[in-house]
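One structure, as C-alpha cells, below. Some questions next.
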Number of protein chains: 2
Amino acid sequence: MNETSYWLWYPGDFERYHALRQNFSRVERGMGWPAFWKSEGFRQRLVFRRRYTLASPDTFTVRAVSGAVGYVLLDETKYPLDTEILCPAGEHTVSVHVGCIGCVPSIYIEGGAIRSDGGWTVSDFAAPPVAAACNRYFTDPLRDPAEWAYSEKIYLPEAEEAVNGGVLYTFATELTAALEVVGPGLPTVYLGESRHEALDTKWCYFHCTPDSATRRCPRQALRCAFIPDCRVGDYAVRAIHQYVDIPVQAGFHCDDETLNRIFAVAAHTFSLCSGAFILDGVKRDKWIWGGDAYQSLFVNRYLTADRELEKRTLLALRPGEPVTTHVNTIIDYSLLWIRSVAVYVDSYGDDGLVALLWPSMRALMELCMAQREEHGFIAGRPGDWTFIDWADFDRDGPLCAEQMLLADAYRVMARLAPAGERAVYEAARQALLAELERCYWDEEKGAYVDSFQSGKRRVTRHANILAILFDIADEPRRRLLADTVLHNAAVPPITTPYFRFFELEALCRLGYLDEVLSQIKSYWGGMLDAGAVTFWEEYDPAKPPAQQYEMYGDPYGKSLCHAWAASPIYLLARYFVGLRPLSPGGAAYEAQPETRFFRSLDATFPMGGRLVRIRLENGALQVEEI
Amino acid sequence: MNETSYWLWYPGDFERYHALRQNFSRVERGMGWPAFWKSEGFRQRLVFRRRYTLASPDTFTVRAVSGAVGYVLLDETKYPLDTEILCPAGEHTVSVHVGCIGCVPSIYIEGGAIRSDGGWTVSDFAAPPVAAACNRYFTDPLRDPAEWAYSEKIYLPEAEEAVNGGVLYTFATELTAALEVVGPGLPTVYLGESRHEALDTKWCYFHCTPDSATRRCPRQALRCAFIPDCRVGDYAVRAIHQYVDIPVQAGFHCDDETLNRIFAVAAHTFSLCSGAFILDGVKRDKWIWGGDAYQSLFVNRYLTADRELEKRTLLALRPGEPVTTHVNTIIDYSLLWIRSVAVYVDSYGDDGLVALLWPSMRALMELCMAQREEHGFIAGRPGDWTFIDWADFDRDGPLCAEQMLLADAYRVMARLAPAGERAVYEAARQALLAELERCYWDEEKGAYVDSFQSGKRRVTRHANILAILFDIADEPRRRLLADTVLHNAAVPPITTPYFRFFELEALCRLGYLDEVLSQIKSYWGGMLDAGAVTFWEEYDPAKPPAQQYEMYGDPYGKSLCHAWAASPIYLLARYFVGLRPLSPGGAAYEAQPETRFFRSLDATFPMGGRLVRIRLENGALQVEEI
C-alpha cells in the first residue's frame, strides 16, 4: 500500500490559484505589476467524497488549507476538522466540506486506510463530481498549497568587492533567491542580473530591505547584490535559492566544447525559468505567456520530460468560460495554446489532459471562429492583440501568419476532438486552406504576402516560416520558399529570438543544418563570449557590452535569463542528435544522429518514459535505452 | 463639489466577496458549515480609469485594498500606490491597475479634483469597461472593503444571575455581538438565543473564549451568555453589537397595543437579520437564501426602503455564467430570484439594476427552460431541489406549484426584457398557462392538483395560493379557491411560516382581513406572550415552552430571530393601512386604510422616495407626505 497522503484540490484550480500568485508577483522599482489580462479565479466551495469498505476500524484526521472552514461527514455524522475520527469496520462514506476564499480549497487526510491518496472525488456543486487532483510537491501536512513549497539551496557569493563606497556581492550564476543579510541595521540592498544593474542604485529593477526577524529579503531574481556605505566584512550575505525540484534528465557531450557549454547554459537557463510554471524569464516578466510556453514545450520534452510542469502551465493558461478574450489577450497565443495541447500529446500521449481541457479548447475556438470575416480569416477585434512578432508587417486587414496558425489549430482540434465533433474543424480547415491559397499566395513573388487587401504584396518571413512548419506548403513549395524567403536577403531578417526559434526549426526541416549550427554557435556562443551565465532574452553582437542591458526603452529592461533562449536544446536533440517520437508519447521513436557534425557524441534524452543514450565514438554509433 | 471619496470596485463583486464571507460564516458547535451550493467568486484583476480636465494642478494618492498589488498610470507614467502624485493642469488620464487574490480588488483615491467619486470606469479585461461601483459604508481610507465596516453599539447585561455554579448574563434583546469578557483568565463562555440554550453547556450552538488581547469573543448571535464556575462580579461582561446602519423609516401606532408590539418586534427582528445582506436568521443559517430574501423584499419596501440592502442581496444571489445549477440549488428559488427583480422595480423603479442582472436572468431562465419536459413543465434534474415547502406533496412528475412560479417568471422576463427579447417569454407563458389548465386543473375538485401523472388528484394549498397571488386564476376561480382550498379543512394546513406568508397574502387579496388579523394576533401575539423579544422561525402554540427551541431534529435548531417572521409589517402596511405603489418606484401610490380595524392609527411608511404619514383619529383620515 502506498502510504503517502497528498493535499487534494479541484483539478486545475491549484494551477489557477498559483498562476494568480505568479502573474501578480512582478514587482519593479517598488511597483507591483500584475499581468494585464483576464485573470481566472478558482472555486471557493468544494466537497470531497470517497466510499470505503474497511476490514477493521480506522482512525483519521482531516486538515484543510489555512483560512478554510468546513467539516467532515462520516456517513451522516458531522465532525470538526483537525480532530481524530474513529471509523468502524464496514462500508462508510467520508465527505469533507470546505470553503475558502483567499486560496485554493484543499484537504489532507492522515489515517490508516482512510487517507488522501487516489480515489477521492470532488464536486463544486455546479457539475458532476470529478477525480480530485494532487501533485508530488504537496505531501507534507504542515506545508499546505497556500504557499508553494520551494526547495532551497544556499549559495555564498563568489566575490565580495569594495566599490562605490559599498560592497558588491556576486554569485556564480543567476538565482531566484531570498537574499539573507546578517549585519548592522537593515541596509537597503540593490539587486541586479548584472554588475552594472546592481551598482546602478537609481535604475536597477529591485531594491529591498531584509526582514528584521528573518534577515531575508523577498524572493527575487539576482546575480549581484550591492550594499552601499559599508565595507567588506560588515555583512554576511547568502542567497537562499528557492526552486522547484524538476530533475534534468538530458545529457549532451560532444567534441565541440562551445556546443557543450551552450547546451549546459541553456539547460541551466531553462531550469531557472521552470518552477511552478514555465515562465518567460526570472527577472521579468515572471508571467505565464502562451507563446513562450509553447516553445518551451519542445525544449522540455528533451530536457526534463516533466509532464506535470507542462500540465500546470497549460492549465494556468486555460481560459475560463465563457471565453470572451484571448490567451494573454493575444490571438496567436490562443491558437498556440491549442497547438500546445497537441505538442503535449506528442510528448507524453493523452493521459487525460485533453478531456480536462477540451471544454476550454472548444470554447476558445468558438471565440476564434466567431471572429472570422467573410473569407474565413481571423481578424482582431478592438482590444485583441494580433502579435505574431515585433516586426513591420503590412497589417491592412487579416494578417497572413495568423491564418497559418488558425489552419493548424483546426488540424489540432480535428485530431483531438471527440469523434462527433471532428468534422466541423476538418471542413473549416479545408475551406481556410483554399482561401489562404487564393488570397495570400503570390505566384510571382513565390511567397505568401502579409495582406491581401492592401495591394502592397509585402513579404515577411513569418507566414512563410509557419507554412513550412505546419505543412501548409507542400514539398516543392517549401523548397521554393527557402530561396524566395529564407535565403532572400531582400526579405527583412527576423529580429527577435522568439521568432528565430520558428525560423531555425524551418531551416532544420529543410535540411540547412550547417547554417543552423553556425547560427547556434555564433548567437549563443556570442553570449557566452560576452560572459553570459544564463541565456538572454535578446542578443545583438553589434552592441557594446554596456548597452546589452537595455530593452523596451528601459536601461535594464532586458531579461538575462529567458526561457526561449534555451531552444538549442531542442534543435540539437531533435535535428542533430536526431531523436524524435514517431507516435504520441514516444512509444516508438527514431534516433538518427547527423553524424557528420560530431567526431564524438554522448547524448542522453528522455523519450516515451525511458532514457535513450546515443553514443558516437570512432565512427561507431550506439543507441541504447537506459 | 461633493468631497467624499469612496472605495471603488467592480459592480457586483463586492457583493460576491462579502456573500462568500457571509455564507462561510456559519459555525456551530465548533464546526464551520459553509453553504452547500455553488459559490460565485470575484474578479481578481482590474483596471480603473478616468479622464480629467484640470484647470489647475492637483495632487492625489491612490490606496488599494489590503493584499492588493498594482500601480498608477498618469497618462504614460507609472507611479507606485500610496504615493502622492502631482498632476499638472490640462487633460489627463488616470489609470489604476490592481490585482488581488484574497479579497475584492478595490481602490480609494484622496486628492482634490482627482478622487474616487463618481465617473470612474472599471474593466476586468474580459468585457468593455463599466461604471465602477461603491457604497456609502466605505468612505474611510483606513477601513477597506476586505472587512465589513460595522457600526458598534455597546449593551450591558440586563441581568446577571448566579445559576448552576456560574453566572448567566441576559441582555434585553437578541444581538449580533462580540462579547467582551474582562476578568480572571480566559473562561469558556456559552452563548444562547435563550436562557435554556446558554445554560446547556453540552448542546448550545456556540461557545467561545475571549481573545487574550482584546478580551472579545467572535461576533455571534446571542441573547444570553453563561460562564461556569464563577460568581457574580468576577467578570465584567458587555456585548459589542455590530450592525449595519440601515435606518428604519416606518412607524406604526394604533389603538391595539398587541399590534403595536407585533410591529415593533417584527421591525427589530428584521433589522437584526439585515446587514450586509438580508439573511434568513442571525443565529442560523446566516446564509443568503433566495426564498427568504424574496419575502423580505416586501417587508423592507415598507420598513427601511433601503434599496441598497436589496440590491446587495440580489447581487449576492445572482448565479454566475455559465449557469448550471439553481439559486441555493432550489428551482423555486431561481424562479423567485427572477420574481424578486420585479419586486425591486415595483418598489424603487429600474435604476439600472435590471441591466446589470439581465445576463444572469437570461442565463438562469435558459437553464430553467432547458429543463422542461414535453408539456413545457419544469422538472428537477438529479441534484436539483424542488422545494416549494416542507409539505406532503404528490411529487409524481412535475409539481404544480413549480409551474405557477415558472409562469410568473415568464411574465417578469417578458416585462423586464429588452424589446427584442420579450416575445419568447410571452409565448412560453401562454403555452404554459394552457397546459397548466389542461393538466392540473381538476374541475370536479375545483382546484389545481399537485400531480397530473399519478392519478391521485391530491390537492394541497400551495399551487392554489400561488394561482391566486400571481393572477393565474381569474376572479371567479379565485373566489372558488377560497372555498375549495383556503377554507377547506380537508386540505392539509400550511405548517411553515415561510409558506404562511403566501397564504396570508392570498387571504388578504381575497378580502379575508378579519381572518388574517386574527391570525396575526394569535400567532405573533402568541410568541410575544411566550416571551419573544424577536420573532421565531416557527411557533407552535401547542408545544410547552421547553420544547420551543427544537427544530430540524436539533434541540436548539430553531432560529429565534428569523427574517420571514417579520411579515406582519408588510401585511399591516399593504392591506390594513392600505398603502401600495401604483407605478414602479411608487411615484404614484394609493393609501386606503381599512378603517374598520382601527379606532386610531398613526402610521408612516416610505413610498417612492417620500415618507407617507397616514393618521386616523376620531374617524378623520389624514394622509400627508413628510
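None of the figures in this text is laboratory data; all of them are computed from the coordinates on show. All of these numbers come straight from a predicted model, not from anything done at the bench. All Cβ positions, glycine included, derive from the backbone under ideal geometry; neighbour counts span all protein chains shown.
Of B:S340, A:S212, B:S518, how do they rank once you tally other Cβ atoms within 10 Å and put the fewest first? Intermediate results must be reported in sequence, preceding the final value.
Values: B:S340 26, A:S212 8, B:S518 12.
Ordered from fewest to most neighbouring Cβ atoms within 10 Å, B:S340, A:S212, B:S518 come out as A:S212, B:S518, B:S340.
Taking Cα centroids, how far is segment A:381-457 from segment B:103-128 in Å?
The two parts, judged by their Cα centres, are 39 Å apart.
Turning to a different aspect of this structure: For labels at A:N164 and A:I626 in the simple 7 Å Cα→Cβ model, what's the distance in nm?
Those two pseudo-labels are separated by 4.6 nm.
List the trypsin sites (Lys or Arg not before Pro) within segment B:267-305 that fall in a DSSP loop (any state other than H, G, I, E or B) and whose Cβ has at most 12 other Cβ atoms within 10 Å. Please report the intermediate quantities before stating the final value.
Numbers: sites: B:K283, B:R284, B:K286, B:R301; in loops: B:K283, B:R284, B:K286.
Taking segment B:267-305 and a limit of 12 other Cβ atoms within 10 Å, no loop trypsin sites (Lys or Arg not before Pro) are found.
Same structure, new question: So which lysines can A:K456 reach, going by Cα to Cα under 20 Å and dropping same-chain residues fewer than 8 places off?
Filter leaves A:K445.
Moving on. Only four residue types carry charge here, +1 at the Cβ of Lys and Arg and -1 at the Cβ of Asp and Glu. Report the dipole size of the protein assembly as shown about the Cα centre in Debye, rounded to the nearest 20. Display every interim value, and only then the final one.
Values: 126 positive and 164 negative charges, 31 e Å.
The dipole of the protein assembly as shown has a size of about 160 debye.
Compute the convex hull volume of the Cα atoms of segment A:360-518, divide it by the residue count, and report the result per residue in Å³ as a whole number. Don't jump to the answer; show the numbers that get you there.
Details: hull volume 20.7 nm³, N = 159.
Output value, Cα hull per residue: 130 Å³.
Okay, next question. In square nanometres, what is the average projected area of the Cα convex hull of segment B:13-131? Write down the numbers at each step before the final one.
On the way: hull surface 35.1 nm².
For the Cα atoms of segment B:13-131, the hull's average projected area reads 8.8 nm².
DSSP loop GluC sites (Glu not before Pro) in segment B:48-105 with at most 14 other Cβ atoms within 10 Å of their Cβ, which ones? Numbers along the way, then the final one.
Working: sites: B:E76, B:E84, B:E91; in loops: B:E76.
In loop regions of segment B:48-105 (DSSP not H, G, I, E or B), the sparsely surrounded GluC sites (Glu not before Pro) are B:E76.
Measuring label to label, 7 Å along Cα→Cβ, what does B:A427 give against each other copy in nm, shortest first?
2.5
In terms of the Cα gyration tensor, with a ≥ b ≥ c the square roots of its eigenvalues, is chain A rounded because a/c is under 1.5, prolate because a/b exceeds b/c, or oblate? Let's see the in-between values first.
Values: a/c = 1.63, a/b = 1.17, b/c = 1.39.
Here chain A falls in the oblate category.
If you don't mind, there's one more thing I want to ask. List, in order, the whole-Hz ³J(HN,Hα) value for each residue of segment A:532-541 obtained from phi through the Karplus relation with A = 6.51, B = -1.76, C = 1.60 and θ = phi - 60°; use x for Gly and Pro.
5, 9, 9, 8, 8, 4, 7, 9, 10, x
Name the residue from B:W33, B:A64, B:A131 whose Cα lies farthest towards the positive end of the charge dipole of segment B:13-131, charges +1 on Cβ of Lys and Arg and -1 on Cβ of Asp and Glu.
B:W33
Quick one: if you stick a label point 7 Å off each Cα along the C-beta vector at B:D602 and A:T496, how many nm between them?
That separation, rounded to one decimal, is 7.7 nm.
Would you list the P(r) distribution for segment A:218-335, with all Cα-Cα distances sorted into 10 Å bins from 0 and each bin expressed as a whole %?
Distribution as computed: 11, 34, 28, 18, 8, 1 percent.
Further question: Give the nm distances, rounded to one decimal, from A:P11 to the matching residue in every other copy, measuring between label points 7 Å along Cα toward the beta carbon; shortest first.
3.7
Any idea how far the Cα center of segment B:555-593 sits from the one of segment A:186-236, in Å?
Taking the Cα centre of segment A:186-236 as reference, the centre of segment B:555-593 is 66 Å away.
Can you tell me the FRET efficiency between A:R362 and B:H253 if r is taken as the Cβ-Cβ distance and R0 is 51 Å, rounded to the nearest 0.05? Please list the in-between numbers first.
On the way: r = 64 Å, r/R0 = 1.25.
E(calc), rounded to 0.05, equals 0.20.
While we're on this one: So what is the relative contact order of chain A, in percent, for Cα pairs below 8 Å that sit 6 or more residues apart?
Working: 1272 pairs, mean separation 76.8, N = 626.
Worked out over chain A, it gives 12 percent.
Now for a different question. If you rank A:S39, B:S600 by fewest surrounding Cβ atoms within 10 Å, what's the result? List each step's numbers first, then the result.
Values: A:S39 24, B:S600 13.
Least crowded to most crowded, the residues run B:S600, A:S39.
Give me the Debye-computed log₁₀ of I(q)/I(0) at q = 0.05, 0.07, 0.09 Å⁻¹ for the protein assembly as shown, equal point scatterers on Cα only, no solvent, two decimals.
-0.44, -0.84, -1.26
Label position 7 Å from Cα toward Cβ: report the copy-to-copy distances for B:D554 in nm, one decimal, ordered from shortest.
5.3
For the pairs A:K38/A:K558; B:K521/B:K543; B:K286/B:K521; A:K202/B:K78, flag any whose C-alpha to C-alpha distance is greater than 20 Å. Present the calculation step by step, with values, prior to reporting the outcome.
Values: A:K38/A:K558 25 Å; B:K521/B:K543 18 Å; B:K286/B:K521 28 Å; A:K202/B:K78 16 Å.
A:K38/A:K558; B:K286/B:K521, as the Cα separations exceed 20 Å there.
Report the trypsin sites (Lys or Arg not before Pro) located in segment A:568-619 that are in a DSSP loop and have at most 14 other Cβ atoms inside 10 Å of their Cβ, or state none. Can you show the working numbers first?
On the way: sites: A:R574, A:R596, A:R599, A:R610, A:R613, A:R615; in loops: A:R599.
Listed in order of number, the matching sites are A:R599.
Let me ask another. Given only helices, namely DSSP H runs of n ≥ 4 each adding -39500 (n - 2.57), what is the per-residue ellipticity at 222 nm of the protein assembly as shown, to the nearest 500 deg cm²/dmol?
Values: 30 runs with 350 residues, N = 1252.
That comes out to -8500 deg cm²/dmol.
In addition: Considering every Cα-Cα pair within segment B:477-596, what fraction, in whole percent, is farther apart than 19 Å?
Working: 3932 of 7140 pairs.
Considering segment B:477-596, 55 percent of its Cα-Cα pairs are separated by more than 19 Å.
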